[in-house]
Every structure is written in C-alpha cells, then in structure tokens.
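These notes are about the structure you will find just below.
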Amino acid sequence: MADQPPDRAARETGADDPADSPARIQLLVSGDGDREALTTLLESRYEVVTDESLQPVDCYLVGDRMLSASRSALEARKADQHPTFCPVVLLRRSERTTIRQPDDAELPLIDEVVTAPVDRSTLYRRLGNLLARRRQSVELSEKYATSRLRFQRLFDSTNDALFVVTPDGEAILECNPAASDLSGYSREELRALDPDETLRGGEETFAAFLDHVTDAGEGYTGELTCVTNHGETRYLDVSGSTLDYDGEPAVVLSARDITGRKQREQQLQLFRRAVENVGQAVAITDREGIIEYVNPAFVDQTGYSRPEAVGRTPRILKSGKQPEEFYAELWETILDGRRWEATIVNKRQSGELYRVKQEISPITDEDGEITHFVSIESDVTDRRLREQQLSVLNRVLRHNLRNGMNVIEGNTALLSDAIDDPETQSFVDAIAERAAALSKLSQKAGTIDSLFDHEPPAGATADLRALFETVAAEFRSRYPDAELSVAEVDPITVKADSRLRVALTELLNNAADHNDQPTPQVELAATPADAGRSGEWVDIIIVDNGTGIPEQERATIETGEETPLRHGTGLGLWLVYWTVSLLGGEVDIADRSPGTRVTLTLPRATEE
C-alpha cells in the first residue's frame, strides 16, 4: 500500500473534513492480522468498530470470507435504513473472487468492491464518495421526515375530514381526527371498517365516485353521505385526488360536512313550496319596496302576472281609498322593525276594487339589519260583505222584532182586560205566550251577538266552585219549584271568562223550561275529564229529568250546521255550542232515562 500523509490524501480524495465528527466504519473481516492492518489504515480518519456483531455505523467493510455469515444481518440493516443509503464495501482477496447477488433482491447488498492489496488513496477516495453519498441521503431523509411530519401535522389539524382509501374503495388506509369526529368512529375503528359501512354515494355510488377521481387524477368534487356510528346520516361535499401512499396508489378524500346547509336548502325548498301553494297573496320586496317575488295566489288575486309585478312596487295596487298619511304610518312602522296590520282597499289590474286584510313584516339579516319586507294579503271582500249583511239584518230584525213585540204585548194586555169570554181569552193568552217567547228569542240573539264582540282576555280563568254557587243561586231564585243538586266541587279552575256563566245559565234554564215532570230535577257537577286527552281537561256535567232534547236539535249541534230539512227550533243550544267553542272546548249531549246529560269539556287552568 502507498504511504501518503493523511491530510494530503484527504485533499486528493475529497473525503470528510477532519474537523467534522469522524464517520464510523465497522470491519467485518476474518483474521486478526487483516483486522489490525485495516484498523491502522483507517483509524486516523474514521472511528473504527471491530465488534463481531453488527453495529449501527455509517459504512461496513466486509471481507469476502465473512460475507456469507453477515449477509442476512447486512440485508436487514440496509432495509431498515432505507431510504437512507447504508454503504457496504466488499474486500476481496483477488479479482478472481466472484460475488453473486440474488436477482430478486430489492436493494443491492454490495455498493463497492476493493481488491487486495488495498491502496490507501483508492480506499479513502472510495470511502469518501460512499460516505458523501450517505450524508446526502441522510440530509434528504431528514428533509423527507420533516416534510412528512409537517404533512402529518397538517393532515391531523385540518378541519376537513380526510380519508385515504384504496382506489377500489375496499379499505380505509388512513384518516385524520376530523374524520373520527365526523363519523363517530376512532381511527382504529375506521381503518378496520368497510368503507361502504360509513361512506356512501349521493347521486352516484361510492365506487363510481372513486372511478371519477382516478380518471381525473385530482380536483374531482361531488357529494357523498356519511353514516355515523350513531346511525345519523351526514351530507358531505367531497374533493378527491390520487396520491402515492407508502409506494402504493391511493385516493385521498377531503370531506366537508354540509348537513346544515343541506337542511337549510331543504327548508328553503319546503318554504318556497308552501308559499307557492298558500291561498294568501304573498309578495317580497327589497328595503326600497321593489317587488322581487310574488306567489301564484298574488297573480290570481291581483291579475298581475309575475313578470308584470316583479321589478315594480306595490303602488300598482293602489286604489286611492287610503290617504297618504296611511302609507306614511305604514312605512314608519315597518322601517322601525315592527309588523304592520290593516284592512285596506286595493285595485286589481282590471280596475276592480277589492278589500284585503294585509300584514307586512320586516326581514332582517344576521346583524339585525332590515333587508326585505314580506306582505301577506287575504281577500276579505266577500267576508266583509257578509259581515255587513249580517250586521244589518241582525240590527233591523232585532229592532223591528223588539218594537213589534212591544206593540203586540201592549195590545194583548188591553184585549185581556176588555174581554170576559174564556174561549176568546185562551186565544189572547196564546198570543201573549208566543210574543213573550219571541221577545226572549230576541234577547238571546243579542246575547249571542255580544259573544263575538270581543276576544277573551289573555289568561282568563274561572273558579268553578264560585261559579256554581252564583248560577245555582240565580236558578233557585228563578225556579223555586225545581230541585237543583250541586255536587261538591274540589278547587278547580278552567280557562274561561264570563261567557261560561252565560252558557251554564242557559243550560240550567233550558233543563227547567223544557221539563214535563211535576218537579223538575237538575244536577250540576264537575270532574277531571277521562284520560286519553293530551293535557288536563275538566268535564262540567248538567243532568235533568225532562223530556230530552229532540234528535234533530242534537244532530244540528253535533255537526255544527243546519240544513233546510234539519235545523234547530231555537238559539239556546247554539249559544252554548258557540260559547264553549270560543273557549276552546267541546259539547257532548247524551240521552238518559228520563232526561238528558250535557257535558262541557274545557281546558283546565294550571297554576303558573
């Protein structure tokens, strides 16, 4: 071997800078003499390891006689170090020594061959080149590890759920914490799960989605669904692309949960269908009053088609029947964020006037700023005319009937005083009796009219014990020959106002008036209603021993309508029916022998 100064050899070979930490080289050679000679040759530049067992070093020098014994350990070491370069130098005794490497080896075992006798300069140069290559691979591996760590951190920290799956969709290779949060499965559970159990197609199958991703390579988007561990279906907006995962082709899916958006879209579609099919005219304007939407009922009611209305203002319906002050108050109200309600007169496209009940409400954004207004109008023209007709008829008939009855009753009294014939007197008495009944009917009509004059006060309640005492005292005073039995009533309060007293008085009076028994008997009680209803209800029960209510009267009340062939003979039961209905209750009429059982079922007032 040629002798050269170490520093000169280093300059010639481009080997490691002596200032750097020396590389570690393990000698795997047979014979103490060869081992000592190589150690002496290398120790001035490298840290030499002479252990018989394989050690973690930067390079291995293997004698050809030791290769067979060390092969397995060296192959395992190189595979473990991959992709970092782990050089192995073979020291052979002569050029005639041949070394064969397996054809199926994934990594070549021998990276350099040096033949004895060993030339120091050649050995330094070759080792320097191999170690420089190793340093570069170490740097690259460190950069790769750093990049992989950054990628893993990004993979784990992204808010979108990430799934790495095989191209055929048969397995989930990897997932991030967001995917676990979305699916309700742990990372281990997801990796062991068949993807079809949690990831499913939307408009296309999951397998078809993966095929599109594979064909596109990257940037393919679509919608999938995720069935969570709790059985809930979540809608996903998914972007997919292909990648190399540990040397194998794979598909990465980036999924964003759009369930909330989907639900909002479904709600919007539902609301739109509802608005499209509602019977009231609906118009939506911007803040300036420009119409942006009208529903079909608006078109039918006003005569303006949607293209004719959109882009214009509601002034197209202005009839001139409301003063300008009216509209100023309207705008002041809705711009203040309050709802506007009024009954107004509008004008159709044909010029025909019609009356509507109008409600206008402001629509605000997330910041509470008004962006739009929605107007809902109900055509009440026919109802208004009917109300006017009924009001006029009620007033005229009641007024004329009352005046007429006053005249008849006065003349009947005069006739009764002027005649002595008993037979004639019976006719006069019949006239007087009928006149009194008509006067009573007129009074009931007035009572019924008053029922609809006002709404019950909010939170109105009636104590049944006190109410029963009041109506019982009035009944006994009016019908001293009748027997009224009032059952002991526990403290019970129902949701009702003073109109309940009117209904009870009517029923008690009716029980006495329409009774052919020598002694009319009436029972009044209150009990909790039978189970089976939602909420708490109370039954008020009136039982009598009279002739009973005629079948056609009962049928009329139970159906809530009269016909020319089936109608009531008076207003008493209608008064009761309408009163209880206004109070949110029900009326039930049942025969008993003898007499009738009437049950009023009303909601019970609960203590707040």
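Residues that are at pLDDT 90 or above and in contact with an Asp or Glu (Cβ under 8 Å, 6 or more places away or on another chain), at least 1 per element: which strands (runs of 3 or more DSSP E) completely within the range 23-108 meet that?
Values: elements: 24-28, 47-49, 59-63, 88-92.
Result: 24-28, 59-63, 88-92.
If a residue has to be outside any loop (DSSP other than H, G, I, E, B) and over 42 Å from the mean Cα position of the chain (by Cα) to count, how many in the range 481-498 make the cut?
Total meeting the criteria: 4.
Restricting attention to the range 270-282, does a residue exist that is closer than 21 Å to T313 by Cα and small (G, A, S)? Spell out how you get there, then give the answer.
Just the residues of the range 270-282 that are closer than 21 Å to T313 by Cα, to begin with: 275-276, 280-282.
Next cut, small (G, A, S) only: 281.
Yes: the range 270-282 contains one or more residues that are closer than 21 Å to T313 by Cα and small (G, A, S).
Return the residues of the range 154-204 that are part of a strand (DSSP E or B) and over 24 Å from the mean Cα position of the chain (by Cα); say none if nothing qualifies.
Filtering the range 154-204 down to residues part of a strand (DSSP E or B) leaves 161-165, 172-175, 199-201.
Once the filter is applied, which keeps residues that are part of a strand (DSSP E or B) and over 24 Å from the mean Cα position of the chain (by Cα), the range 154-204 yields L162, F163, V164, V165, I172, L173, E174, C175.
Quick check on my filter: what residues within the range 298-324 are more than 16 Å from V282 (Cα to Cα) and either modelled with pLDDT of 95 or more or among the hydroxyl-bearing types (S, T, Y) (or both)?
Listed by number, the list holds a single entry, S319.
Residues are listed down the side, and each one gets a yes or a no for (1) outside the structural domain of S21 (by TED's automatic domain parsing); (2) of a type in the set (D, E):
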{"site": "L130", "(1), (2)": "no, no"}
{"site": "L162", "(1), (2)": "yes, no"}
{"site": "P167", "(1), (2)": "yes, no"}
{"site": "S183", "(1), (2)": "yes, no"}
{"site": "R191", "(1), (2)": "yes, no"}
{"site": "D194", "(1), (2)": "yes, yes"}
{"site": "A207", "(1), (2)": "yes, no"}
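Can you name every residue in the range 227-249 that is touching a residue at least 60 places away in the same chain (Cβ under 8 Å) and hydrophobic (A, V, I, L, M, F, W, C)?
Answer for the range 227-249, where residues must be touching a residue at least 60 places away in the same chain (Cβ under 8 Å) and hydrophobic (A, V, I, L, M, F, W, C): L236, L243.
Among the residues that make up the range 291-311, is at least one of them out of contact with any helix residue (DSSP H, G or I) (no Cβ under 8 Å at 6 or more places or on another chain) and more than 24 Å from A274 (Cα to Cα)?
no
For (1) surrounded by 17 or more Cβ atoms within 10 Å (Cβ to Cβ); (2) assigned to a helix (DSSP H, G or I); (3) at pLDDT 70 or above, each residue gets a yes or a no:
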residue: F427; (1), (2), (3): no, yes, yes
residue: K440; (1), (2), (3): no, yes, no
residue: A458; (1), (2), (3): no, no, no
residue: R465; (1), (2), (3): no, yes, yes
residue: E523; (1), (2), (3): yes, no, yes
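Just to be sure I understand, how many residues within the range 214-259 are in a helix (DSSP H, G or I) and modelled with pLDDT of 90 or more? Working first, answer last.
Step one: filter the range 214-259 for residues in a helix (DSSP H, G or I), giving 214-216, 259.
Filter once more, so that each one left must be modelled with pLDDT of 90 or more: 259.
Result for the range 214-259: 1.
Being of a type in the set (A, V, I, L, M), modelled with pLDDT under 90 and in a helix (DSSP H, G or I) narrows it down to one residue among L123, L131; which is it? So that I can check it myself, show each step before the final result.
Numbers: L131 fails: modelled with pLDDT under 90.
Checking each option against the conditions leaves just L123.
Of the numbered conditions (1) modelled with pLDDT under 90; (2) surrounded by fewer than 13 Cβ atoms within 10 Å (Cβ to Cβ); (3) over 50 Å from the mean Cα position of the chain (by Cα), Q136 fails exactly one; give the number of that condition.
If we test Q136 against (1) modelled with pLDDT under 90; (2) surrounded by fewer than 13 Cβ atoms within 10 Å (Cβ to Cβ); (3) over 50 Å from the mean Cα position of the chain (by Cα), just (1) comes out false.
The values are calculated or read from the model by the stated rules, or taken from the named source; none is laboratory data. The shown structure was predicted, so the numbers you read here are calculated from the model rather than taken from an experiment. Note that each Cβ is placed from the backbone with ideal geometry, even for glycine, and that neighbours are counted across all protein chains shown.
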